[in-house]
Amino acid sequence: MKTFQGRTAVITGAGSGFGLEASRIAAREGMNLVMADVQADALQQAVAEIEGLGAKVLPYRLDVSKAAEMEALAAAAKERFGVPHFVFNNAGVGSGGLIWEHTLKDWEWVLGVNLMGVVHGLRLFTPMMVEAAAQDPSYEGHIVNTASMAGLLNAPNMGVYSVSKHAVVSLSETLYQDLSLVTDRVGASVLCPFFVPTGISRSHRNRPDELKAAKPTRSQLIAQAMSDKAVSSGKVTAAEVAQKVFDAMRERRFYIYSHPQALKSVQTRLEDVMQGRNPTDPFADKPELGQSLRQALKSA
């Protein structure tokens, strides 16, 4: 998709991070925007800013894990602006710890937002976009799903998050292949960022009461501290990543990376798979970090 002027974007997680930065770019490109987020105050502030850029905005407060709320969003977006051209299934939450220490509510929360939020976006918007492409020769559309480098790797002590993001990568690759069977005017991409300063390390602030977290374990506290440090120290900005998303849509490029240098670790993992060897130690290049983590966990 090369033209954005006058077209419509639907963006979840639009109140901060990649979603807000993508909204800023979309507004500058002359798009109409449907901005959705679970955090009402952040959404209100973001919408005010984007409207200040001259864009027409439909704000929508919702929890993407809730099917009925996503269905209402899709209906409202279509009624206000028609079939969207850019759908950014971006809302996400972070959580870490030893994989067997996650509670059922942890799994329901993380998979509900990170995976089912994307599922709902695909099942609701893809059919209307494919239909629009079939009926209108000038229609172009693109769907971008936010996964993570954690969807291509399996780092220790962050299992529930990695599981959710691996699923999003698989979902997105399948979407790309399925779309290619039926249309050449609706594209798909998957965004795989590494550590970028966003609000994801503080996503527990929006965790719903019905899925309230139990008292954190030692491993979960360690994972939170490591995530806070890694995310806050990231040098690539959310604005730069959002620009990569728009560049990828123009180029019809599927994989979007914030840190291409991290692909070395992905290659190592794939070589493990191809050669049938045991998973490579993720701390092989920095053994002191691995030793520190092991000691911290064993002292719990």
Hey, could you check segment 102-135 for residues that are in a helix (DSSP H, G or I), out of contact with any strand residue (DSSP E or B) (no Cβ under 8 Å at 6 or more places or on another chain) and among the β-branched types (Val, Ile, Thr) and say which is nearest to PRO216 (Cα to Cα)?
VAL110
Kindly indicate whether ALA238 is touching a Ser or Thr at 6+ places or on another chain (Cβ under 9 Å), aliphatic (A, V, I, L, M) and closer than 28 Å to LEU175 by Cα.
yes
Please pick out the residue among VAL113, VAL38 that is closer than 22 Å to ALA188 by Cα and buried (at least 18 other Cβ atoms within 10 Å of the Cβ).
VAL113
Which residue out of VAL93, VAL87 is hydrophobic (A, V, I, L, M, F, W, C) and touching a strand residue (DSSP E or B) at 6+ places or on another chain (Cβ under 8 Å)?
VAL87
SER164 vs. criteria within 15 Å of the chain's Cα centre (by Cα), surrounded by 24 or more Cβ atoms within 10 Å (Cβ to Cβ) and part of a helix (DSSP H, G or I)
yes
Could you check how many residues of segment 144-168 are within 17 Å of ALA188 (Cα to Cα) and of a type in the set (A, V, I, L, M)?
4
As an exercise: evaluate PRO197 against (1) closer than 21 Å to SER16 by Cβ; (2) assigned to a helix (DSSP H, G or I) and give the number of the one condition it does not meet.
(2)
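Okay, residues lined up against (1) in a helix (DSSP H, G or I); (2) touching a residue at least 40 places away in the same chain (Cβ under 8 Å); (3) closer than 24 Å to SER162 by Cβ; (4) touching a Lys or Arg at 6+ places or on another chain (Cβ under 6 Å):
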residue: GLY30; (1), (2), (3), (4): no, no, no, no
residue: VAL47; (1), (2), (3), (4): yes, no, no, no
residue: PRO59; (1), (2), (3), (4): no, no, no, no
residue: ALA74; (1), (2), (3), (4): yes, yes, no, no
residue: SER95; (1), (2), (3), (4): no, yes, yes, no
Go through segment 236-262 and count every residue that is part of a helix (DSSP H, G or I) and touching a residue at least 60 places away in the same chain (Cβ under 8 Å).
11
Filter result for MET226 (without any contact (Cβ under 8 Å) to a residue 40 or more places away in the chain and in a helix (DSSP H, G or I))
no
What is the one condition in (1) over 20 Å from the mean Cα position of the chain (by Cα); (2) in a loop (DSSP other than H, G, I, E, B); (3) among the hydroxyl-bearing types (Ser, Thr, Tyr) that SER219 does not satisfy?
(2)
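Bear in mind these aren't lab numbers, they're just calculated from the coordinates by the rules spelled out. Computed from a prediction, not measured in an experiment: that's the story for all the values here. Positions of Cβ are generated from backbone atoms using ideal geometry, with glycine treated the same way; all protein chains shown enter the neighbour counts.
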